[in-house]
């Protein structure tokens, strides 16, 4: 994992750099730090990545389809659909607590929880870890519509990580221009 001197750090301490290509093993190490305050789980849930559904189904001793129907909901971001644990919403609120959150703020599927839940948290690295997940699991640089939606996200002030600007994702600037102007659809 790279370290660098932060310009925003007045004490000039070294800071961990998380970029799109940071290995999953390093991201998981950083995601292990969690205060177990329940804030993340009271206001949402994390998306599943490859293999998560199978792990959850095995943990719950259920069929994958049954887990999907009972506990999961589909969410779309950047033209990519992923599942996440359902949210128990209060009336009129767009957020809610994770269906797997227990009253003591713990996770009822801790041993099998989704990848985004493992890496995204309220620590100093939480925002960048969630960006890492978004860039690696929601954004598909081979899908022009995903790239267009990401471009709109960035234009509206959305954050990204080092190495994940549009010019980094699509090196061919003419191709990028054609994607953004809808001259390339697929």
Practice item. Determine the equivalent ellipsoid of the stretch 96-170 by diagonalising the alpha-carbon gyration tensor, then write out the semi-axes as square roots of 5 times the eigenvalues, largest first, rounded to whole Å. Key: 29, 13, 11
Exercise for review: Restricting to the chain, compute how many DSSP beta bridges are antiparallel as a %, nearest 5.
Suggested key: 95 percent
Revision key, fill the gap. Hull surface over four for the Cα convex hull of the stretch 128-186, reported in nm², is 3.8 nm²
Revision key, fill the gap. Taking 134, 62 and counting other beta carbon atoms within 10 angstrom, the fewest-first order is 62, 134
Study note, to complete from the structure: Note: probe point = Cα of residue 62 + 7 Å toward Cβ; backbone nitrogen < 14 Å; residues of the stretch 77-108 passing the test are 84-88, 99-101, 108
Point to revise | Per-pair calculated FRET efficiency, R0 = 41 Å: residue 155 and residue 55 via Cβ, rounded to 0.05 | key: 0.65
Exercise for review: Provide the gained length on full extension for the span residue 108 to residue 184, in nm with one decimal, where the gain is 0.36 nm per separating residue minus the Cα-Cα distance.
Suggested key: 22.9 nm
**Study point:** Ascending count of other beta-carbon atoms within 10 Å, so fewest first, for 117, 37
**Key:** 37, 117
Exercise for review: Multiply the residue separation of residue 89 and residue 174 by 0.36 nm, subtract the distance between their alpha-carbon atoms, and state the gained length in nm to one decimal.
Suggested key: 26.1 nm
Exercise for review: Compute the normalised compactness of the chain: alpha-carbon radius of gyration over 2.2 N^0.38 Å, N being the residue count.
Suggested key: 1.13
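Throughout, read-outs are computed from the coordinates displayed, never taken from laboratory work. Given the structure is predicted, the values throughout are model-derived calculations rather than measurements. Using ideal geometry, Cβ is built from the backbone for each residue, glycine included, and neighbour counts are taken over all protein chains shown.
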